[in-house]
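Novice: Right, I'll just put the structure down here and ask away after.
The values are calculated or read from the model by the stated rules, or taken from the named source; none is laboratory data. Bear in mind that the values here come from a model prediction, so they are computed numbers and not experimental data. As a convention, Cβ positions derive from the backbone with ideal geometry for all residues, glycine included, and neighbour counts pool all protein chains shown. We work out accessible area using only protein heavy atoms, side chains counted, and drop any ligands, DNA or RNA first. Shrake-Rupley method; radii C 1.70, N 1.55, O 1.52, S 1.80 Å.
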Amino acid sequence: MAVVASPYPTLRFERRLWEAGDRVVVGLDEVGRGSWAGPVTVGAVVAPDVHLKGVRDSKVLTPDERTVCARKVQGWAVTYAVGHASHEECDTLGMTEALRRAATRALDQIGAQGFVVDRVVLDGNYDYIGLGSKVRTVIKGDSSVLSVAAASVLAKVTRDALMAQEAEHFPAYGFESNRGYPSPVHKTALAAYGPCAIHRRSWIFMDNLCWPSLKYERQPRLF
């Protein structure tokens with residue numbers, strides 16, 4: 001299903017699905033796929049048939065703008081949820097399965113609130129959830145589909161807050177600013193101290209460290 005280009009996300013795609021008979025349409029987006037530490041997170045939003053101004057793909061918003069936008073989304077959405085897959089799951093299961101589990105957990109929360117999902121709109125061109133015809137993938141959906149953009153904001157704000165909490169336990173790595181992604185501070189800390197308890201130890205960055213024996217070891221958390 002084609003989406004007409006727009007400078008900002010709209011409900012055009014959702015309205016086509018509603019007109020085709022899909023009553024509960026959920027927009028999904030993920031954050032944390034490329035991070036070296038922490039969970040991968042999937043946001044899910046069921047949009048009402050009322051446009052919400054100011055929502056954009058989370059990547060083009062500043063942290064303060066995302067926080068404001070997330071509050072707007074929470075007050076506007078019919079319902080919403082956020083699911084996570086832990087760093088251990090990313091390591092042991094691989095990213096595709098970790099994403100599927102995070103998305104399934106978000107959708108399960110939607111279902112627990114009494115909503116039977118008719119259609120899932122997923123950012124990108126690959127259905128990592130595995131729900132077949134129930135899923136519609138949209139390339140750059142976080143830039144064009146309002147429910148997907150809203151889900152990207154909720155996922156980003158939620159995961160950023162989790163990583164800021166982790167930064168208190170592992171201050172050397174700068175998680176409060178880099179959120180587990182590669183950065184000079186993060187790389188320097190890894191070179192000096194090695195991986196901490198929430199690092200994804202099967203990721204390729206471990207190959208360049210001088211602690212190869214730590215690559216697959218489980219490090220106990222202290223907090």
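Novice: Out of residues 5 or more away from Val121 or on other chains, whose amide H comes under 5 Å of its own, with H placed 1.01 Å from N in the peptide plane?
Specialist: Amide H neighbours of Val121, under 5 Å, 5+ apart: Val26, Gly27, Leu28, Arg136.
Novice: Shifting gears a bit: Any chance you could run the full-extension gain for Glu176 through Ala161? It's 0.36 nm times the residue separation minus the Cα-Cα distance, nm to one decimal.
Specialist: Once the chain is fully extended between Glu176 and Ala161, it gains 4.6 nm.
Novice: Suppose each label sits 7 Å from its Cα in the direction of the beta carbon; what would the Tyr8-Leu131 distance come out to in nanometres?
Specialist: 2.8 nm
Novice: Please give the length that would be gained between Gln109 and Val185 if that part of the chain were fully extended, namely 0.36 nm times their separation in residues minus their C-alpha to C-alpha distance (nm, one decimal).
Specialist: 23.8 nm
Novice: Match the structure shown to one of the listed values (i) 33, 18, 15; (ii) 26, 20, 17; (iii) 41, 27, 14 of semi-axes √(5λ) of the Cα gyration tensor in Å, computed from it, and give that label.
Specialist: (i)
Novice: Right, another one. Excluding Tyr128 itself, what net charge comes from residues whose Cβ is under 9 Å from its Cβ, given Lys and Arg +1 and Asp and Glu -1?
Specialist: Around Tyr128, the surrounding residues sum to -2.
Novice: Moving on. What number comes out for the charge environment of Lys140, summing +1 per Lys or Arg and -1 per Asp or Glu over other residues with Cβ under 13 Å away?
Specialist: Its environment carries a net charge of -2.
Novice: Just Ser177, Ser58, Ser144 to compare: in a GNM of the chain, with alpha carbon springs under 10 Å, which one fluctuates most?
Specialist: Sorting by GNM fluctuation, first place goes to Ser177.
Novice: Is the C-alpha gyration tensor of the range 24-80 telling us rounded, prolate or oblate? Criteria: a/c under 1.5 is rounded; beyond that, a/b larger than b/c is prolate, otherwise oblate.
Specialist: In terms of gyration-tensor shape, oblate.
Novice: Using the Cβ atoms and a cut-off under 15 Å, what net charge is assigned to the surroundings of Tyr181, where Lys and Arg are +1 and Asp and Glu are -1?
Specialist: Summing Lys/Arg as +1 and Asp/Glu as -1 gives +3.
Novice: List, in order, the whole-Hz ³J(HN,Hα) value for each residue of the range 113-122 obtained from phi through the Karplus relation with A = 6.51, B = -1.76, C = 1.60 and θ = phi - 60°; use x for Gly and Pro.
Specialist: Listing the rounded values in order: 8, x, 9, 9, 6, 8, 8, 10, 9, 10 Hz.
Novice: Please arrange Arg200, Arg66 by accessible surface area, largest first, computed with a 1.4 Å probe and ligands excluded.
Specialist: Accessible-area ranking of Arg200, Arg66, largest first: Arg66, Arg200.
Novice: Further, regarding this structure: With the chain treated as a Gaussian network of Cα nodes joined by springs under 10 Å, which of Gly141, Gly174, Gly111 yields the largest mean-square fluctuation?
Specialist: Largest GNM mean-square fluctuation: Gly111.
Novice: Could you name the lysines in cross-link range of Lys140, using Cα to Cα under 24 Å and dropping any fewer than eight places away on the same chain?
Specialist: Hits, sequence-local ones excluded: Lys53, Lys59, Lys72, Lys156.
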